[in-house]
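Student: My structure is below; once you've seen it, I'll send some questions.
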Amino acid sequence: MFDAIVEIAKLIFSVNFILTVLTASTPLLLAASGELVTERSGVLNLGVEGMMIMGAACGFAGAYLSGSTVVGALCGIIAGAATSAIFALLTLGLAVNQVATGLALTILGTGLSGLIGRGFVGDRIEPAAQLHLPVLTDIPVVGRILFGQDAFVYFSFALIIAIWLFLYRTRAGLVLRAVGDNHTSAHALGYPVLKIRLLAVLFGGACAGLAGAFLPLAYTPFFIPGMTAGRGWIALALVVFASWRPGRLVAGAYLFGAVTFLQLSVQGLGLGIPPQLMSSLPYLATVVVLVLISRTRGSAGSAAPASLGVVFVPDR
């Protein structure tokens, strides 16, 4: 038992493990960041998985046909935003139930992405280049971690910082949170609730599309149907996990990424630990942290926006 603990500790504190966790957690952080803004506006979009796989298919197609990772990333962003626009049309324009529409969007995205990516299965591209600074990247241990990542990783850091500043340091962010907390009062004060929510939904879709595009453009240099493998659902859980706070979202994304990769790595070490136990680790970690967060909140009530998932129809 002691030898197993030592081997796991060596794995956790290795540079390769940290690098892999950073890469594996990036799509979760990107998708969850967009969904956090969407839900802060009071809209519950369960179609993150569908938007991600659309971003993956269109991102790979764009990169393969153009030979440019940047073009592929832009195609993924546009695909995610366009898919979210369908959700916005139904839920904001026609006041359709958000939960049912989000689930339908996932089914639509899964099927449509398979159609789009059918002709690209088996093709490969050059993955996104990683940063390499001659002196800084060669610093032992921290060099590769801080100065050896691809642009997607650095963008995810910048994105979550920008979201935090927007939500808590700008008037527009205050208005968006007010719309999510009480859309009726926000409308009475003259704020365009539907317009604000539309922009939030499109932003969330763009982030999900970029997260999906990351998978074939940087994580694995090819496209296969269903390659998101449930990451969209994990991103949705992370928003709740983080209590709708950007700082906790970062911690949750990397915690879940680390535990997920750890259970795969430990099984490969042949330590005799039951694989069923290791496979349950990500979910056990999620439950434990959610319980701890709920205990610290005490009687303060739910941290969710009060109008989350509630249909808003303005007075005519």
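Student: If you rank Phe223, Phe261, Phe155 by how much accessible surface each has, with a 1.4 Å probe, what is the order from largest down?
Tutor: Reading off the accessible areas and sorting them downward yields Phe155, Phe261, Phe223.
Student: Compute the accessible area per residue over region 155-250, keeping the other protein chains in place, probe 1.4 Å, unit Å².
Tutor: About 42 Å² of surface per residue is accessible.
Student: Equivalent-ellipsoid semi-axes (√(5λ), Cα gyration tensor) for region 11-65, whole Å, largest first?
Tutor: Ellipsoid half-lengths, sorted descending, are 26, 20, 7 Å.
Student: Tell me, what HN-Hα J-couplings in whole Hz come from the Karplus equation 6.51 cos²θ - 1.76 cosθ + 1.60 at θ = phi - 60° for each residue of region 36-52, using x for Gly and Pro?
Tutor: Per residue, the Karplus-derived 3J(HN,Hα) values read 4, 5, 4, 6, 5, 7, x, 10, 9, 10, 8, x, 4, 4, x, 5, 5 Hz.
Student: Cα atoms only: what Rg and Dmax, in Å, come out for region 28-94?
Tutor: Expressed in Å, the Cα Rg and Dmax of region 28-94 come to 12.9, 40.
Student: List the pair-distance distribution P(r) of region 104-163, using every Cα-Cα distance, as the percent of pairs falling in each 5 Å bin from 0 up to the bin containing the longest distance, rounded to whole percents.
Tutor: 4, 15, 13, 12, 13, 15, 12, 9, 6, 2, 0
Student: Amide H neighbours of Thr137 under 5 Å, at least 5 residues apart or on other chains, H built in the peptide plane: list them.
Tutor: none
Student: Another question about this same structure. So what does Trp164 come to for accessible area, using a 1.4 Å probe and Å² rounded to 10?
Tutor: Only protein atoms counted, so the area is about 100 Å².
Student: Suppose R0 equals 35 Å; then what is the FRET efficiency for Val313 and Trp233 from their Cβ-Cβ distance, rounded to the nearest 0.05?
Tutor: The calculated FRET efficiency here is 0.75.
Student: A further question on this structure: Rounded to two decimals, what is the ratio between the C-alpha radius of gyration of region 16-136 and 2.2 N^0.38 Å?
Tutor: Against the empirical 2.2 N^0.38 Å value, I get 1.21 for region 16-136.
Student: Given C-alpha coordinates of region 139-258, what is the ratio Rg to Rh with the Kirkwood estimate of Rh?
Tutor: In region 139-258, Rg relative to Rh is 1.03.
The values are calculated or read from the model by the stated rules, or taken from the named source; none is laboratory data. These numbers were taken from a predicted model, which means no experiment stands behind them. Virtual Cβ from ideal backbone geometry, glycine too; neighbours counted across all protein chains shown. Quick note on the areas: whole protein, heavy atoms, side chains included, nothing else; ligands and nucleic acids left out. Shrake-Rupley method; radii C 1.70, N 1.55, O 1.52, S 1.80 Å.
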